[in-house]
Each structure stands twice: as structure tokens, then as C-alpha cells.
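This report concerns only the one structure given below.
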Amino acid sequence: MDGYIQNLKVKAFPIKTGKIVAILHEKDAKELGVMAGDRLELSNKKNGKKCVAVADITHHYIKEDEIGLFEEAIEGLGTKNGNLITAKATEPLKSLDFIKKKMMGEKLSHAEICEVVKDIAEERLSDIEATAFVSAVYMKGLDLDETISMAKALIADGNKIEFKKGIIVDKHSVGGTNGRASMIIVPIVASTGLLIPKTSSRSITSASGTADSMEVLANVSLPMEKIKSITEKVGGVIAWGGAVDLAPADDKIIKIEHPLSLDPEGQVIASVLAKKASVGSKFVVIDLPVGKYVKIKDKEIALRMAKKFVQVGKEIGMHVEAVITDGEEPSGLAFGPALEAKYALEVLEGKRFDNLAQKSCELAGILFEMVGKARPAKGYAMALEILESGRALKKMKEIIKAQGGKINSSDEIKFAPFKKELKSGTDGIIEEVNIKLVTKIARFAGAPANKSAGVMLHKLVGEKIKEGEELMTIYAENKEKLKVAEQFALKEIPFRFKRIILQTIK
């Protein structure tokens with residue numbers, strides 16, 4: 001049905017709200033038959049642009065026959081202050097019935113999931129309605145068919161990068177640990193002629209995301225055209241995925257999940273593979289770290305997820321191999337954008353070789369075996385040779401230059417000016433390092449918002465330590481943050497020492 005349409009004059013508010021909101025005078029709201037939280041379809045007849053907004057109602061600030069719009073709506077409609085637009089109440093959304101269906105634990109069809117994803121992407125669902133869907137998925141789960149449908153819906157909703165030629169590969173870690181393996185894997189892989197357009201996230205709960213660390217070296221906010229051209233030119237790119245709408249509905253779902261740290265298994269799998277498909281990846285290796293302080297705490301869960309990753313990948317035309325890795329100890333010694341960027345460069349420069357370097361070569365090696373670059377069980381040796389020969393470092397410098405960067409050496413990276421060294425109060429052997437606590441210390445110090453802040457460990461699991469030896473160094477942007485981080489570290493000690501004497505009998 002067409003419904004009642006009203007012409008309204010735009011009153012522009014130069015504020016970003018993170019969603020499309022329209023403020024109506026209460027008399028106009030009554031005319032349109034809407035209440036606060038209802039949806040309005042807004043149209044700009046001059047250019048034909050439309051959007052759906054959530055209505056807010058007032059009798060202050062907005063006059064009759066006016067409509068208050070924030071930046072998101074103004075950009076979406078291509079309008080400005082004083083222009084006329086039309087508004088009408090939207091019809092009831094079918095997706096609301098599907099959300100209720102999922103809340104009851106019923107299975108959704110492919111068409112129903114597509115409808116929900118489309119309405120989330122187009123901002124047709126209110127925050128409460130979209131949150132209800134995410135909560136239902138978290139509590140009731142997505143089975144394999146629903147996960148496949150979700151991945152396909154996210155892909156259909158977003159933009160895609162089309163490469164004219166070449167084999168497109170990628171890598172993703174479900175996360176929870178430190179260490180920027182991607183910054184080592186991408187140049188190793190790209191140096192062989194494979195294309196690896198790595199779009200990465202910024203940190204949500206960790207001390208750094210790959211995009212945060214790469215941004216220390218070069219620009220990561222790249223448009224799709226730039227991601228495509230750099231990848232075709234030098235073989236690889238390490239960019240921030242949030243700068244391009246590869247799966248906009250998924251980005252909105254992630255924002256809803258974040259406050260309560262919700263990670264529904266099916267949604268995670270669909271999200272990851274949708275974004276890999278959007279950049280044209282045909283061969284993908286998935287890293288599933290398992291440990292009590294990372295996201296996946298149980299090997300059985302990791303095995304189930306690994307199988308689903310492979311099955312869903314197959315359904316969307318992608319060859320996926322999922323590997324379960326050891327997440328019990330830190331991946332390298334660094335926590336924080338600059339510290340992790342420096343550490344990754346030091347691995348590429350041949351200054352370090354540890355569990356982070358080994359893991360990077362193992363994952364790169366799997367990709368080589370998947371595409372036939374290396375014979376079975378020979379991929380690791382190939383990746384290691386590329387790393388030790390300096391070819392990976394040379395390729396990383398090409399990538400940094402192509403992304404507008406100027407830093408070419410680990411020696412050029414500086415840390416935050418205020419630091420505190422914490423020392424051991426006893427002799428012993430390090431039995432455990434609590435990754436979650438070290439991450440919190442780094443965040444208290446200012447990471448990842450302040451890229452030069454963070455924590456550098458000096459000891460890992462299995463290493464001996466003497467009283468007075470350094471355990472870690474905290475780097476902070478100011479004295480206040482350094483003090484808070486230090487106090488937390490002393491209260492919640494992230495190291496556990498192995499006891500040699502287990503019991504004394506007298």
C-alpha cells in the first residue's frame with residue numbers, strides 16, 4: 001500500500017549517530033501515524049534516493065513540517081539543510097516474523113535469512129529488533145544449512161572485488177591471542193606470485209588487530225579500487241576491512257555482538273567466509289587457536305567449527321582448510337600495535353625466529369600445498385626458505401610502499417615514552433602466561449587506541465628466570481595510564497611459576 005505521504009523541510013544536524021534517525025514534530029508524527037521507534041521511508045524526489053529511518057518524536061527543536069536528519073540520513077538521501085523530502089510510514093516488515101520464529105528455536109529458510117540480512121543492511125530494523133535476531137542466533141544457534149544461507153546472504157548483500165587473473169588465497173585467525181602472523185604470511189605468500197588481498201579488522205577486545213599494527217607502517221583505509229590495484233601490482237595488501245562495504249550487514253551484526261562479547265559459532269563462520277568470498281578468495285586457511293585464555297577453549301568445539309568451515313566453504317565455491325593451533329601461550333612476545341608491528345618486521349628481517357615465525361611459515365606452507373605450489377608436507381620448508389632468504393622482507397617493503405607507507409625497518413618504530421619494567425620476585429620456571437591478563441595490562445596502558453602503547457614480555461612458557469630478572473615492560477602514553485597498568489599487573493600477575501617441590505612430609 002502507498003500510505004499517506006508528507007512533504008517535510010530538512011533541518012540538518014552535523015552529528016553522526018551510527019544509524020539513520022529522523023526527528024519529527026509530534027503533530028507530524030500523528031499525521032503520519034507513527035510512534036517513536038517506528039520506521040519511516042524517506043525519499044528525495046530530486047535525485048531518486050531513498051532510505052529508511054527510525055522515528056524520534058519531539059515538540060522542541062523541530063517545527064511542524066520539518067524533519068531533523070543526522071549525517072547518515074543526509075548522506076544517504078543526498079540532501080542538505082532546507083531541502084524538501086517526502087516521508088511515509090513503512091509497511092510491517094516480514095523479517096520481524098522470521099526473527100520471532102528464530103527466537104522460538106525454529107529453523108529459518110534461505111529466503112527468510114536473506115530477508116533478515118537485507119533489512120539489517122538497509123537499516124530497516126531498529127536496534128532492538130536487530131539485537132533480538134543476534135540474541136536468538138546466539139541462544140538457538142545456526143545449523144549447517146542456516147550457516148550456509150547466512151554466508152550466501154552476506155555475500156549477496158555486499159560489494160565484491162573481481163580480479164582479472166591470478167590465484168586468490170587468504171588466511172584468517174579466529175583470534176584471541178597476540179602476534180601479527182598475517183603481516184608475515186602475506187609477504188611470504190605474495191612473493192610466489194599468488195594474490196593475497198588481506199582485509200583485516202581493528203581490535204575489539206585484544207591489544208591490537210592486524211589493521212591496527214599495519215597502520216603503524218602504512219595506510220590501511222583503502223578503497224576497493226586501491227585494494228584491487230595494489231594486490232594486482234605487488235601480489236598482496238593488508239588493509240582495514242571496515243573501510244569497504246564487503247559485507248555491510250555483517251559489520252552491523254558485529255557491532256551488536258561486541259558489547260556482550262557474543263560470538264555465535266554459525267555467525268562467526270558465515271561472517272569470515274563471506275568476507276573472504278567478497279575479495280575473490282578461492283583457497284583459504286583458517287587458524288583456530290585453542291586454549292583456556294583465548295576464544296576457543298575446547299578442542300571439541302574447535303573440531304566442530306573446523307568441519308563447518310570446510311563444509312560451508314565448499315558450498316560457496318571455496319577450498320577451505322582449517323587448522324587447530326596451540327593457543328595456550330602467547331604468539332610472540334609483543335602486545336600492542338607498534339610493538340607487534342616491530343616484532344613482525346623483526347621476524348621478516350631475520351632478527352627473531354620463535355613460535356610466531358614458525359606458525360606463520362606453517363600456515364603459509366598449507367596455502368602453498370593447497371594450490372600446488374609445494375608438494376604435500378613440503379609447504380613449510382618452502383615458506384621457511386622464502387623467509388630466511390629475505391624475499392618476504394623485500395615483498396613486505398613493496399607492500400608498505402604501495403600502501404603509502406614510509407617505515408621500512410623495525411628500528412624506525414618507536415614505543416610510548418613512559419615505561420615500567422616488572423621483575424620477578426623469585427627463581428623458577430615459567431609454567432603459564434595468562435594471555436587475557438597481559439592483554440588487559442596492554443589496554444590499561446593505552447593500546448590499541450594509542451598505537452605506541454602496550455606490553456613486551458621477556459619470558460615465555462618453559463623458560464627459567466631468576467629473582468630480579470625482567471618479566472615484562474609496560475609502555476604507556478602518559479604516567480597515569482602507566483600507573484594503572486602497573487597496579488593491575490602487580491595485583492593480577494599474568495605469570496605462573498612451576499613448583500619443583502610439590503609436597504613436604506615431616
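Filter the range 250-299 down to the residues that are out of contact with any Pro (no Cβ under 8 Å at 6 or more places or on another chain), modelled with pLDDT under 95 and among the acidic types (Asp, Glu) and list them by number.
Result: Asp250, Asp251, Asp263, Glu265, Asp298.
Tell me, yes or no, whether the range 477-490 has at least one residue that is surrounded by 15 or more Cβ atoms within 10 Å (Cβ to Cβ), outside the structural domain of Ser208 (by TED's automatic domain parsing), within 18 Å of Lys342 (Cα to Cα) and touching a residue at least 24 places away in the same chain (Cβ under 8 Å).
Checked against the condition, which is being surrounded by 15 or more Cβ atoms within 10 Å (Cβ to Cβ), outside the structural domain of Ser208 (by TED's automatic domain parsing), within 18 Å of Lys342 (Cα to Cα) and touching a residue at least 24 places away in the same chain (Cβ under 8 Å), the range 477-490 yields at least one hit.
Taking interchain pairs and intrachain pairs at least six residues apart, which have beta carbon atoms under 6 angstrom, with the first residue in the range 440-457 and among the β-branched types (Val, Ile, Thr) and modelled with pLDDT under 95 and the second surrounded by fewer than 24 Cβ atoms within 10 Å (Cβ to Cβ) and not in a strand (DSSP E or B)?
none
So which of Val244, Val279, Val312, Val320 ends up being closer than 28 Å to Leu393 by Cβ and in contact with a helix residue (DSSP H, G or I) (Cβ under 6 Å, 6 or more places away or on another chain)?
Val244
Of the residues Thr192, Thr177, only one is crowded, with 24+ Cβ neighbours inside 10 Å and either not hydrophobic (A, V, I, L, M, F, W, C) or not assigned by TED's automatic domain parsing to the domain that holds Val347 (or both); which?
Within the list Thr192, Thr177, the selection yields Thr177.
Residue-by-condition table, conditions (1) in contact with a helix residue (DSSP H, G or I) (Cβ under 6 Å, 6 or more places away or on another chain); (2) under 19 Å from Ala132 (Cβ atoms):
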| residue | (1), (2) |
| --- | --- |
| Val54 | no, yes |
| Ile57 | yes, no |
| Tyr61 | no, no |
| Phe70 | no, no |
| Leu77 | no, no |
| Leu84 | no, no |
| Ala89 | yes, no |
| Asp97 | no, yes |
| Met104 | no, yes |
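Check Thr131, Thr147 and return the single one that is surrounded by fewer than 24 Cβ atoms within 10 Å (Cβ to Cβ), assigned to a helix (DSSP H, G or I) and among the hydroxyl-bearing types (Ser, Thr, Tyr).
Thr131
Pick out, from the range 1-117, the strands (runs of 3 or more DSSP E) lying fully within it that include 1 or more residues that are surrounded by 18 or more Cβ atoms within 10 Å (Cβ to Cβ) and under 31 Å from the mean Cα position of the chain (by Cα).
Counting at least 1 such residues, we get 21-25, 39-44, 49-58, 66-69.
The values are calculated or read from the model by the stated rules, or taken from the named source; none is laboratory data. Nothing here was measured: the structure is a model prediction, and the numbers come from that model. Here Cβ is always computed from backbone atoms with ideal geometry, including for glycine, and neighbour counts include all displayed protein chains.
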